[in-house]
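Peer 1: The structure under discussion is supplied below as structure tokens; questions concerning it will follow.
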Amino acid sequence: MRLPVLMAIVRTQWCRWRREQMIFWITSASAVILLCSVALNLQQSTAQMHERNALQAAAEQDWHSQPDRHPHRVVHFGDFVFKPVQFFARWDWGVEQYAGTSIYLEGHRQNSANFSQAAQSSSLQQFGVLTPAFVVQVVVPLLMIFLGFASLSFERENGLLTQLLASGARASELVFGKFLALYAVGLVALLPLLALVLWSVFIPEGNSMRGGMLLLGYAGYLMICAAVVTALAGLAKSSYGALMSCLALWVLACIAMPRVASFVTRHHWHAPSWVEIEIEAENRLKKLGDSHNPNDPYFAAFQEKTLRKYGVKRVEDLPFNYGGLLMQEGERLTAQVFDELNGNVQARYALQNRWYRQISWLNPLMAIRIFSMAAAGTDYAHHMHFLRASEARRFAMVQALNKIHTEQISFGNDRNDRNERVSAKVLTNAPRKNYQAPSVSFALPIVAHAGSVLLVWAGLCLALLRLVARRIGRGQ
Amino acid sequence: MTRDSAFSLRRFGTLVQIELSLLLRERLCAAALLGVLLCSVLAIYQGDSQIEQSRLERERVLALLSAQQQQRAEAISGEGADAGELAYYTFYPASDSAHAWSFIALGNRLIEPAVQRIRMLGLQAQLYDGQAQNPENAVAGAFDFAFVAVFLLPLLCVVLGHNIRSSERESGRMNLLESTSPHLGSLMSLRWAVRAGCAFFAVFLPLIGFAVFRQLSLLPLFWVGLSLCCYLLVWIVLIDRVTPASISSAENAMRGFMLWLALVLVIPQVGQLVINQRLPSALGKQIALAHRQSVANAWDIPKQESFDVFFRDHPEWKDTPPVLTRFHWKWYYAFHHVADMQLVDRARAYNENMLARQRAADYLGFLSPSIVLQSFLERMADSRIERVIKKRAEIKNFHAALRQYFYPFVFEERRMSASDFLGAPAFKNSEATDNVFAHGWKYALFWFVAACALMGRRRLHR
């Protein structure tokens with residue numbers, strides 16, 4: 001392929017688009033939609049960030065304004081965490097709409113993440129959200145179809161194809177020139193993302209590595225779109241036929257298939273509900289042992305073990321508060337049971353998502369969705385990371401308080417009268433680790449999977465373009 | 001005269017037959033019709049299986065909770081048990097309601113838990129608990145009948161109808177038709193009618209089949225059919241307006257798709273973002289924070305302060321002896337109720353906020369007929385935020401009944417026998433309603449009039 005000829009073909013194509021009024025209107029409309037989504041999402045994510053920061057600050061203030069209390073009261077007072085907004089949520093909200101944003105961390109149980117946006121929404125929820133990611137995933141391909149469906153079929157219809165070939169242009173130059181012309185227009189839609197990535201370089205919470213991955217992924221996706229449109233235009237007998245087959249593909253890939261796939265995976269790998277987990281946890285804990293019951297076999301054995309360890313006869317003679325130790329043991333068991341059950345559900349969800357990822361081999365749109373959410377740090381894996389970190393925070397905090405209970409509250413007083421208190425200074429020092437979003441490497445497995453889907457598709461599409469070029473070269 | 005009309009009727013039948021065969025000869029049209037038909041079947045199955053799964057979940061939870069309750073009752077000895085402690089450990093199921101037609105639009109049923117557990121502690125800390133499903137799975141959106149009707153039906157119209165006129169011109173038949181047919185307009189109308197009829201039945205036939213198969217009440221079926229007809233009419237008129245004969249079929253297809261993109265995706269999505277911006281909702285989370293603070297504070301302030309507030313709502317227990325020990329259940333339940341009392345206004349404002357969001361969304365029906373149909377179907381399926389708020393009100397009533405039942409035992413320090421315990425009230429939700437008329441009609445009327453006006457203008461034009 002000769003570069004000057006390629007560029008000439010690209011320029012000619014652009015020139016033709018510039019002359020067409022319809023193309024001008026459609027392109028402007030798409031640009032407006034994209035800018036609109038960027039502006040609205042910047043505003044929205046900033047608002048969410050402020051809201052959650054303010055709530056977290058309020059929770060922080062509540063925590064520190066506690067008076068001197070019995071440590072177990074503080075275990076019940078608990079703690080609130082609000083999920084921080086990720087930097088690239090400005091581009092792709094991912095699961096943010098549907099995932100709970102606040103968790104109440106308290107002793108004896110694990111709570112669900114509540115107050116998702118979707119739970120507070122009107123019937124418009126079913127139409128989805130206009131994120132810039134959505135615009136590039138769904139609207140830009142449609143624009144590319146409108147631009148590109150006539151790129152080769154027009155020449156064929158008007159008998160220009162043989163003329164061009166006769167005048168010295170090679171078929172491959174023609175096909176790849178048209179493809180590049182279309183691809184370049186598609187890439188313009190990534191300018192807001194580029195701006196976001198540049199911005200992320202300069203601020204601490206921005207993660208430009210993630211931005212770089214996003215750019216690469218979308219560049220690959222748009223390449224697939226441009227190649228498919230050009231190839232179909234090159235294969236079709238008429239430009240109208242090319243348009244209709246492109247549109248049919250678009251409806252299938254962008255509108256129908258993601259929903260069907262999500263239904264199929266959810267339906268096939270059914271996951272139990274939150275309430276069922278809670279009930280199951282209670283039933284299991286009851287079977288394990290009841291710390292209030294003096295005749296309970298598990299806790300009787302635990303008491304005997306403790307007494308033997310310290311060489312004393314009665315719990316009153318232990319060098320610490322046995323009640324606090326019981327609390328620690330109880331909390332350990334509770335967390336274990338909840339971790340296992342929650343782990344089961346999370347594994348179920350992960351299985352659903354894994355199958356969704358497998359189905360994405362059939363559809364690059366699904367692949368870029370998965371890729372985009374993972375790279376932006378807004379997919380379920382990242383949400384699960386937040387859930388687990390919150391549970392770790394809860395467990396560490398509760399056990400630290402139980403330890404204070406064990407060491408600083410006398411056993412006798414504890415039994416008769418829980419009025420003994422510990423200084424608030426000591427209590428509020430219990431560890432409450434701030435959430436740290438995972439680094440890029442956390443996203444890599446999913447990004448790599450979705451990325452390889454895109455890569456394979458891109459390779460296939462380029463091969464298809466070669467095939468089309470050969471066909472055109474043979475004069476078909 | 002009679003011979004004439006019989007003749008024209010036969011002629012009409014022939015014309016319809018010709019139009020049908022013309023339509024089905026276009027491979028893409030036939031494939032699109034078949035695709036939408038399949039989608040409709042699948043969507044009905046999906047909606048139905050989702051509702052069925054929720055029902056099974058409710059039954060499982062009900063069985064589990066009643067087993068727990070039975071166990072507790074059996075553990076109560078002859079002299080009875082401490083009612084305060086029983087109430088603390090016993091959870092009661094409060095389930096969501098669905099009716100036979102709820103499968104048609106899943107709406108927020110995919111988000112809200114199908115069943116919740118309620119106990120006698122502070123209500124505001126329990127009311128918003130529970131996640132319903134995998135959030136990543138939910139991102140794609142529901143695949144229900146409403147999706148097929150709202151999203152795919154207009155797309156099908158675009159595919160079937162964008163080239164009704166332009167294809168005639170492009171194939172060079174337009175002049176012939178204009179010179180030989182005195183009523184070109186009525187021929188085009190007939191062509192539209194045939195195509196719209198096919199589109200309608202591709203979506204609606206599976207629903208009829210399902211309704212007959214399940215022996216569902218037929219009135220909702222009628223309303224769905226009528227609303228689909230109105231929706232179709234609006235779309236046909238709009239598509240017909242933007243696809244004149246003078247423009248190429250390809251350009252007409254683009255115009256049709258852009259129209260679809262604007263009305264079905266962009267306007268509702270922008271609307272959703274603007275609503276979120278204008279009516280932000282941090283209240284739920286604030287309620288959660290405030291409730292925790294109120295309950296925890298009660299342990300640090302004099303008990304009488306909590307009782308003073310509590311007696312405002314429940315003066316009937318004013319004369320029970322004061323609590324002098326460190327702990328008493330009646331004090332515990334009193335301050336939990338006080339936390340709820342203090343949040344009454346904010347809880348109401350939270351509900352009001354969500355209803356205002358829904359109202360704003362309904363107003364956007366003036367901008368897009370898709371919003372009207374989605375709203376209508378969700379209202380019929382009772383899958384909107386109103387149901388959730390109604391359910392929460394019912395839970396509140398149930399919670400009150402539960403407290404009324406347990407208070408005498410707690411405040412009068414009466415022991416509770418097993419039969420007393422099992423006699424506690426159970427949650428009963430009212431039937432889900434398919435209230436199709438409330439409010440929605442004015443948007444439907446607006447679009448109907450707009451469609452008629454556009455149709456009239458077209459006729460004048462010619």
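Peer 1: To the nearest 20 debye, what charge dipole does the protein assembly as shown have about its Cα centre, counting +1 at the Cβ of each Lys and Arg and -1 at the Cβ of each Asp and Glu?
Peer 2: Details: 93 positive and 72 negative charges, 704 e Å.
I would put it at about 3380 debye.
Peer 1: Also: Using only C-alpha positions, report the orientation-averaged shadow area of the convex hull of chain B, nm², one decimal.
Peer 2: Projected over every direction and averaged, the Cα hull of chain B covers 28.7 nm².
Peer 1: If the cut-off is 30 Å between C-alpha atoms, which lysines fall inside it for A:K237, apart from same-chain ones fewer than 8 positions away?
Peer 2: Hits, sequence-local ones excluded: A:K178.
Peer 1: Can you flag which of A:K286/A:K425; A:K286/A:K403; A:K287/B:K390 are past 32 Å Cα-Cα?
Peer 2: Violating the 32 Å Cα-Cα cut-off are A:K286/A:K425; A:K287/B:K390.
Peer 1: Can you spot the aspartates and glutamates whose alpha carbon is less than 13 Å from A:K309's alpha carbon? Ignore those fewer than 8 places along the same chain.
Peer 2: Excluding near neighbours in sequence, the set is A:D317.
Peer 1: Given a Förster radius of 51 Å and the C-beta distance between A:A392 and B:S419 as r, what FRET efficiency does 1/(1 + (r/R0)^6) yield to the nearest 0.05?
Peer 2: Rounded to the nearest 0.05, the efficiency is 0.65.
Peer 1: How many angstrom lie between the C-alpha centres of region A:404-466 and region B:65-116?
Peer 2: 31
Peer 1: Still on this structure: Taking the highest mean first, how do the peptides B:14-21, A:312-319, B:76-83 order by number of other beta carbon atoms within 10 angstrom per residue? Please report the intermediate quantities before stating the final value.
Peer 2: Details: B:14-21: 13.4, A:312-319: 11.5, B:76-83: 15.1.
Going by the mean number of other Cβ atoms within 10 Å, highest first, we get B:76-83, B:14-21, A:312-319.
Peer 1: Hey, another quick one. Where Rh denotes the Kirkwood radius from the mean inverse Cα pair distance, what is Rg over Rh for region B:50-123?
Peer 2: Value, to two decimals: 1.12.
Peer 1: Can you give me the Kirkwood hydrodynamic radius for chain A, using every pair of distinct Cα atoms, in Å to one decimal?
Peer 2: On the way: mean 1/r = 0.0381 Å⁻¹.
Its Kirkwood hydrodynamic radius stands at 26.2 Å.
Peer 1: Residues of A:254-260, mean number of Cβ from any other protein chain within 10 Å of their own Cβ, rounded to a whole number?
Peer 2: Rounded to a whole number, the mean comes out at 6.
Peer 1: Cα-Cα pairs above 14 Å in region B:183-244: how many percent?
Peer 2: Tail of P(r) above 14 Å: 64 percent of Cα pairs.
Peer 1: Name the lysines eligible as straight-distance cross-link partners of B:K396: C-alpha to C-alpha under 28 Å, and not fewer than 8 places from it in the same chain.
Peer 2: Within reach: B:K285, B:K303, B:K318, B:K330, B:K428.
Peer 1: What distance in nm separates the two pseudo spin-label positions at A:A448 and B:L22, each 7 Å out from Cα along the beta-carbon direction?
Peer 2: Each label point lies 7 Å from its Cα, and together they span 5.9 nm.
Peer 1: When the helix-only estimate is applied to chain B (DSSP H runs of n ≥ 4, each -39,500 (n - 2.57), divided by the residue count), what is the mean residue ellipticity at 222 nm, nearest 500 deg cm²/dmol? Spell out each step's value before the answer.
Peer 2: Numbers: 19 runs with 312 residues, N = 462.
Value at 222 nm, helices only, nearest 500: -22500 deg cm²/dmol.
Peer 1: Comparing the chain by itself with all protein chains present, which residues of region B:121-144 are at least 50 Å² less accessible (probe 1.4 Å)?
Peer 2: With the partner chains in place, region B:121-144 has these residues losing at least 50 Å²: B:D129, B:Q131, B:N134, B:P135, B:E136, B:N137, B:V139, B:A140, B:F143.
Peer 1: Sticking with the crude label model, points 7 Å out along Cα→Cβ, report the distance from B:F327 to B:D345 in nm, one decimal please.
Peer 2: So the label points at B:F327 and B:D345 sit 3.4 nm apart.
Peer 1: Report the Cα centroid-to-centroid distance between region B:235-250 and region B:324-356 in angstrom, as an integer.
Peer 2: 59
Peer 1: Provide the per residue accessible area, probe 1.4 Å, for region B:156-270, rounded to a whole number of square angstrom.
Peer 2: Values: 4330 Å² over 115 residues.
Dividing the accessible area of region B:156-270 by its residue count gives 38 Å².
Peer 1: Return the average number of partner chain Cβ atoms within 10 angstrom of each residue Cβ along peptide A:37-47.
Peer 2: Going residue by residue through A:37-47 and averaging, the value is 2.
Peer 1: While we're here: Per residue in region B:47-75, which ones lose no less than 40 Å² of accessible surface when going from chain alone to all protein chains (1.4 Å probe)?
Peer 2: B:Q53, B:E57, B:R60, B:L64, B:Q68
Peer 1: For Cα pairs less than 8 Å apart in space and 6+ apart in sequence, what is the mean separation divided by the residue count of region A:1-159, i.e. the relative contact order in percent?
Peer 2: Values: 117 pairs, mean separation 38.9, N = 159.
Relative contact order for region A:1-159 comes out at 24 percent.
Peer 1: Provide the solvent-accessible area of B:W223, counting protein heavy atoms only and rolling a 1.4 Å probe, rounded to the nearest 10 Å².
Peer 2: About 60 Å², rounded to the nearest 10.
Peer 1: Here is a follow-up. So how much slack lies between A:A8 and A:D339, counting 0.36 nm per residue of separation and subtracting their Cα-Cα distance, in nm?
Peer 2: 112.9 nm
Peer 1: With solvent modelled as a 1.4 Å probe, how much accessible area in total do chains B and A shield from it at their shared surface, in Å² to the nearest 100?
Peer 2: That pair hides around 9000 Å² of surface in total.
Peer 1: Over region A:79-156, what relative contact order in percent results from Cα pairs under 8 Å that are six or more residues apart?
Peer 2: After rounding, I find 26 percent.
Peer 1: Further, regarding this structure: What is the P(r) of region B:1-158, as percent of Cα-Cα pairs per 5 Å bin from 0?
Peer 2: 1, 7, 11, 12, 11, 10, 8, 8, 7, 6, 4, 4, 3, 3, 2, 2, 1, 1, 0
Peer 1: While we're looking at this one, here's another question. Considering Cα pairs under 8 angstrom that are at least six residues apart, work out the relative contact order of region A:387-452 and quote it in whole percent.
Peer 2: 41
Peer 1: Using per-residue counts of other Cβ atoms within 10 Å, averaged over each peptide, order A:270-278, A:123-131, A:38-46, A:201-209 from highest down.
Peer 2: My ranking of the peptides, most packed first, is A:123-131, A:270-278, A:38-46, A:201-209.
Peer 1: Can you give me the orientation-averaged projected area of the convex hull built on the Cα atoms of the protein assembly as shown, in nm²?
Peer 2: Values: hull surface 182.5 nm².
Average projection, Cα convex hull of the protein assembly as shown: 45.6 nm².
Peer 1: So, one more: Please sort B:109-119, B:135-145 by packing, taking for each peptide the average over its residues of neighbouring beta carbons within 10 angstrom, highest first.
Peer 2: Per-residue mean Cβ counts within 10 Å order the peptides as B:135-145, B:109-119.
Peer 1: Rounded to the nearest percent, how much of the accessible area of chain B (1.4 Å probe, protein heavy atoms only) is carbon and sulfur?
Peer 2: About 61 percent, which is the carbon plus sulfur part of the accessible surface.
Peer 1: Of B:V158, B:S281, B:H337, which is farthest along the charge dipole of chain B in the positive direction, counting Lys and Arg as +1 and Asp and Glu as -1 at C-beta?
Peer 2: Positive-end residue among those listed: B:V158.
Peer 1: Over chain A, give the accessible area per residue in Å² for a 1.4 Å probe, as an integer.
Peer 2: Heavy-atom SASA per residue in chain A reads 41 Å².
Peer 1: Compute from the Cα atoms of region B:125-186 the Rg and the Dmax, the latter being the longest Cα-Cα distance, and quote both in angstrom.
Peer 2: Every Cα atom of region B:125-186 included, Rg and Dmax give 23.7, 76 Å.
Peer 1: Let me ask something additional. Just counting partner chain Cβ atoms within 10 Å, what average do the residues of peptide B:101-111 show around their Cβ?
Peer 2: Numbers: counts 0, 0, 0, 0, 2, 1, 5, 8, 0, 5, 9.
What the average comes to for B:101-111 is 3.
The values are calculated or read from the model by the stated rules, or taken from the named source; none is laboratory data. Every value quoted in this text rests on a predicted model; they were computed, and no experiment measured them. Cβ coordinates were reconstructed from backbone atoms using ideal geometry, including for glycine residues, and neighbour counts include every protein chain displayed. SASA here: full protein model, heavy atoms, side chains in, ligands and nucleic acids out. Shrake-Rupley method; radii C 1.70, N 1.55, O 1.52, S 1.80 Å.
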